[in-house]
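Single-structure report; data block below.
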Amino acid sequence: MSEIANVQQAAYWNEQAGPTWAAMQSPMDRQLEPLGRRVMAALALRPGERVLDVGCGAGATTLALADAVAPEGSVLGVDISMPLLDVARARSAGHAGVAFLEADAQTHPLETAGFDVVFSRFGVMFFSDPPRAFANLRRALGPGGRLGFVCWRAPAENPAFTLPMASVQHLFPPPQPPQPGAPGPFAFADPERVRGILDSAGFADVAVTPHDEKIGAGDLDAALEVALKIGVLGGALREHPEKREAVIDAVRAALAAHDGPDGVKLDSATWIVTARNPG
Ligand SMILES: C[S@@+](CC[C@H](N)C(=O)[O-])C[C@H]1O[C@@H](n2cnc3c(N)ncnc32)[C@H](O)[C@@H]1O
């Protein structure tokens, strides 16, 4: 494999979060699918286009992108996590126009001008050197090629991510003050930072558009399982597994307050980001 610049993230997505996300692929896809769909709509994909899916994870978006550019189009899903790529490869068996690559998207020598579109659903906030990573992605786009991704706004605006932990925070050590911009889910919460990174990487026509939508992983049981394994609380419980039993009732009650005919739905706040490679 080519150079891995993001050694810590590679360890995290192979040893900690990756296996959990792989096991939780179905409810996570249900939760995130509407947000990925927003980006696909903004990109206005056309049949025959060549698409790069950055941080493709378990491959749900890679398959949806392949359908959007079928029959002659193609999609390459790139990810740093083997457990997630294993799921992606298994579920895409026999699907035409889809391939996967284990690589660090920040540094991998992607084919110059090899793609018409670079897409990502929550896969671009983990780079140690975002300007370098986005310059690498821009180089992979032909002149006029389009970039589109979705990333989280601030934690306070995202109960879908933070509510489970907020309901049981008193049972855990006080959280470390967040380091603004550090690689992680909220690294792109500041829209000016996102614009600056894309400008410095040479992109044009950068648009950072707020999008608010209630999202959910399914019924109360599904929402509880996601809450206990993913997000802020999921991470804390990986460090303190002995607290699992103590938190379940409170988290279930917090989620139940948002249960409805479509299951548990919580507010999410994201940026839909689009840009163009001027050439
Ligand atoms: C929050 S998950 C999103 C996964 C998937 N896009 C989805 O929406 O289900 C972030 C993904 O980015 C991947 N990732 C993180 N850093 C990466 C890097 N430098 N190069 C490629 N993939 C990376 C992780 O392994 C993980 O699969």
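The values are calculated or read from the model by the stated rules, or taken from the named source; none is laboratory data. Treat the numbers as computed from the prediction; the structure is a model and nothing was measured. Counting neighbours? That spans all protein chains shown, and the Cβs are built from the backbone with ideal geometry, glycine included. These accessible areas exclude ligands, DNA and RNA; they are computed on the full protein's heavy atoms, side chains included. Shrake-Rupley method; radii C 1.70, N 1.55, O 1.52, S 1.80 Å.
Data overview
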quantity: Residue-wise HN-Hα coupling along the stretch 266-279, computed from phi with Karplus coefficients 6.51, -1.76, 1.60 (Hz; x: Gly, Pro); calculated: 10, 5, 10, 9, 10, 9, 9, 10, 10, 7, 9, 7, x, x
quantity: Simple Cβ-charge dipole of the stretch 7-276, Lys/Arg +1 and Asp/Glu -1, about Cα centre, in debye nearest 20; calculated: 420
quantity: Anchor K265: aspartates and glutamates whose Cα lies under 12 Å away (excluding residues fewer than 8 positions away in-chain); calculated: E213, D219
quantity: Distant-in-sequence amide H partners of V98 (H built 1.01 Å from N, under 5 Å); calculated: V75
quantity: Structure-based [θ]222 nm, the chain - -39500 (n - 2.57) summed over DSSP H runs of at least 4, per residue, nearest 500; calculated: -11500 deg cm²/dmol
quantity: Net charge of Cβ neighbours under 15 Å - reference E33; Lys, Arg +1; Asp, Glu -1; calculated: +2
quantity: Value of Rg/Rh across the chain [Cα atoms, Kirkwood radius]; calculated: 0.96
quantity: Cα long-axis angle, helix 220-229 against the chain (0 to 90 degrees, to the nearest 10); calculated: 80
quantity: Nearby aspartates and glutamates by direct alpha-carbon distance to K214 (threshold 16 angstrom, same-chain neighbours under 8 apart not counted); calculated: D29, E33, E157, D259, D262, D267
quantity: Beta bridges by DSSP in the chain, antiparallel share as percent, to the nearest 5; calculated: 50
quantity: Rounded accessible area of E225 (nearest 10 Å², 1.4 Å probe); calculated: 80
quantity: Per residue solvent-accessible surface (Å²) - the stretch 7-276, probe of 1.4 Å; calculated: 43
quantity: Carbon/sulfur fraction of accessible area - the chain, other protein chains in place, 1.4 Å, %; calculated: 55
quantity: C-alpha long axis of helix 191-200 to longest principal axis of the chain, angle in °; calculated: 30
quantity: 10 °C / 1.306 mPa s Stokes-Einstein diffusion coefficient of the stretch 218-279, Kirkwood radius on C-alpha pairs, µm²/s; calculated: 117
quantity: Local net charge near A256, Cβ-Cβ under 15 Å (Lys/Arg +1, Asp/Glu -1); calculated: -4
quantity: Relative contact order (percent, whole number), the chain, Cα cutoff 8 Å, 6+ residue spacing; calculated: 21
quantity: Nonlocal amide H pairs with F122, under 5 Å, H built at 1.01 Å; calculated: V150
